[in-house]
1. Protein chains only, probe 1.4 Å: how do LEU50, LEU43 rank by accessible area, largest first?
2. I'd like the accessible area for ILE28, computed on protein heavy atoms only with a 1.4 Å probe and all protein chains in place. Round to 10 Å², please.
Amino acid sequence: MLSTGGSRRAAFAQSFALGIPIEEAIRIARSAVPNAVIKEVELEREDGRLVWEVKFTNDIEVKIDATTGDIVDIDD
């Protein structure tokens, strides 16, 4: 699921305008949490910046800066 508070079409359009598209955020998150199943991906604003939040079924969340692709936080 991709959630940005607007339509799905607008969310995907916005993701391509960013430095890191959703597919790249998923790849980065999977490299940080191998062998886990993704249940949700959201684009959120945190502390004034956009981050991809990738949630896994094992309750781990990986937050990735949507501009740089840097991992901001891993909550387990």
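The values are calculated or read from the model by the stated rules, or taken from the named source; none is laboratory data. All of these numbers come straight from a predicted model, not from anything done at the bench. Remember, those area values only see protein heavy atoms, side chains included, never the ligands or the DNA or RNA. Shrake-Rupley method; radii C 1.70, N 1.55, O 1.52, S 1.80 Å.
1. On the way: LEU50 35, LEU43 15 Å².
These residues rank, largest area first, as LEU50, LEU43.
2. Accessible area, nearest 10 Å²: 20 Å².
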